[in-house]
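These notes concern the structure reproduced below.
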Amino acid sequence: MATGIPGKFKNNNVTQRGTALPPLRLEYPGKKPVTEILETPPGQYSPSNTSCGGTNRLYHADNLGVLAALAQDVTIAGKVRLVYIDPPFATASAFHSREQNHAYDDHRVGAEFVEFLRERLVLIHRLLADDGSLYLHLDERMAFHFRVILDEIFGEQGYRNFITRKKCNPKNYTRKTYGNVADYILFYTKSNDYMWNRPVDKWCDLQAKASKEYQYIDKKTGRRYMKVPIHAPGIRNGATGGIWHGMMPPPGKHWQYLPSKLDEMDARGDIYWSPTGNPRRKIYLEDSAGIPVQDIWMDMRDAHNQNIHITGYPTEKNPDILTRIIKASSNPGDIVLDCFSGSGTTLITAAQLNRRWIGVDCSEEAIKTTLHRFEHGSARMGDFVNNHPQETLLPSFKVSDFTLFTKKNKSDSYTVADANTNKTTTASLCRERKALRFQQQAKKKRQVYVHS
């Protein structure tokens, strides 16, 4: 396998003659300047009468206005640690829930779709903390367009990964093409100093693989280990490019450590010497947390058997995806945002992992599904005959620490801008509405009592 030498030709925007090239851009009709997008009028929202009691936020509204409003909220702007979004995929289709309720229309295609999503990504970039991350989930229709768009917004240096996910079981296509079983997640960060908790597949779940990878056993200690090279690509003129134990590094390479460090490792017995005198470093199984997760995810399929619990909302994603992403790119207490929240998978996973969250969706079916999920959990995918409903319900992680916001009516006295001047406005209004609701319920009970 050919190995590139790090450190050469780092500037991709310079020709061989040293001429600077303009950054790569995607041009199309209707593309707005970033300054115009950042001037998007903020929406105005008020807490609902029924779900009003927590610091987390769920907005039933178009996400462009919500994002513009959050960009003016000093408690949120620049403080969001993680954004995961799974927007429409430009399919020119309508989607319905399992009960055949209309969920959403995915009617934008081409340049219209690109600009629709780009506007929101520009505002998301503004909301992210300096060490924040974005995960954008798309399929093959638009993933490659947004590799260019995100380079424009975050800069090429913000790109981290183009993750390929196996989304379903193999398909028996009748048309002349390969089976479409993958979609993609673009991972970008706002800066090079970003939150990162490296995800690993733990060895306790991979015993057979651990024995295969770490196939050698130290005769003195009984510790299981693997052997790896002690050199790396690239020529060095310093000590790592010189003689160690009477030998030079292989051509075109250098020692990974200073000769003095290699001497220490050898003295500890951490260097393996082959019968031909070739040194290798010992890596011990006990020092490894597991296999670092790579950029091809084969174990994250969406609902693929009858016992998996789902809400029935279309294009619902596997919660394990969100668990992996949220753990990797945030810590407990951080703010996680999903402005295409759908059935609420991101939100409930964030809550389970002790993150704060903000969800946005304009679909009435999405909000209804999310609220039901918060209260009752989800149910098995299979259509089971003679099965009592309570036997199919997944024990729910009840979510109640949130406030549902809807578009402000003219009669409401609350706006998102109030959060910058009076942080207690929402809480006060919630208490007033709860008190009013309690009074109405008490009045109904008195009426029933009198009637009886």
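Overview of values
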quantity	calculated
Number of the condition not met by LEU258 [criteria: (1) surrounded by 15 or more Cβ atoms within 10 Å (Cβ to Cβ); (2) touching a helix residue (DSSP H, G or I) at 6+ places or on another chain (Cβ under 6 Å)]	(1)
Which numbered condition THR189 misses (of (1) farther than 19 Å from ASN331 by Cβ; (2) surrounded by 10 or more Cβ atoms within 10 Å (Cβ to Cβ))	(1)
Options SER97, SER93; residue that is at pLDDT below 70, farther than 29 Å from THR189 by Cβ and in contact with a Pro (Cβ under 8 Å, 6 or more places away or on another chain)	SER97
Boolean, THR323 is of a type in the set (S, T, N, Q), touching a Phe, Trp or Tyr at 6+ places or on another chain (Cβ under 8 Å) and assigned by TED's automatic domain parsing to the domain that holds THR189	no
Candidates LYS227, LYS220, LYS253, LYS190, filtered to the one that is closer than 30 Å to ARG301 by Cα and either modelled with pLDDT of 95 or more or among the charged types (D, E, K, R) (or both)	LYS190
Residue ID - nearest to the chain's Cα centre (by Cα), chosen from residues in segment 34-58 that are among the β-branched types (Val, Ile, Thr) and either surrounded by 14 or more Cβ atoms within 10 Å (Cβ to Cβ) or not in a strand (DSSP E or B) (or both)	THR55
Subset of segment 100-127 that is in contact with a strand residue (DSSP E or B) (Cβ under 6 Å, 6 or more places away or on another chain) and modelled with pLDDT under 95 - its residue that is farthest from LEU38 (Cα to Cα)	HIS102
Boolean, ASP139 is acidic (Asp, Glu) and farther than 28 Å from GLU39 by Cβ	yes
Meets criteria (of a type in the set (Asp, Glu), surrounded by 12 or more Cβ atoms within 10 Å (Cβ to Cβ) and either closer than 23 Å to ASP338 by Cβ or touching a residue at least 24 places away in the same chain (Cβ under 8 Å) (or both)) for GLU140	no
Identity of the residue in segment 325-372, of a type in the set (A, V, I, L, M, F, W, C) and in a loop (DSSP other than H, G, I, E, B), that ends up surrounded by the most Cβ atoms within 10 Å (Cβ to Cβ)	CYS339
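So that you can scan it fast, the table gives a plain yes or no per residue for (1) surrounded by 15 or more Cβ atoms within 10 Å (Cβ to Cβ); (2) not in a strand (DSSP E or B):
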site: ILE153; (1), (2): yes, yes
site: LYS176; (1), (2): no, yes
site: ILE185; (1), (2): yes, no
site: TRP196; (1), (2): no, yes
site: LYS219; (1), (2): no, yes
site: ASN237; (1), (2): no, yes
site: PRO249; (1), (2): yes, yes
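The values are calculated or read from the model by the stated rules, or taken from the named source; none is laboratory data. Just so it is clear, the model here is predicted, and its values are computed rather than measured. Cβ: placed from backbone, ideal geometry, glycine included. Neighbour counts: every protein chain shown.
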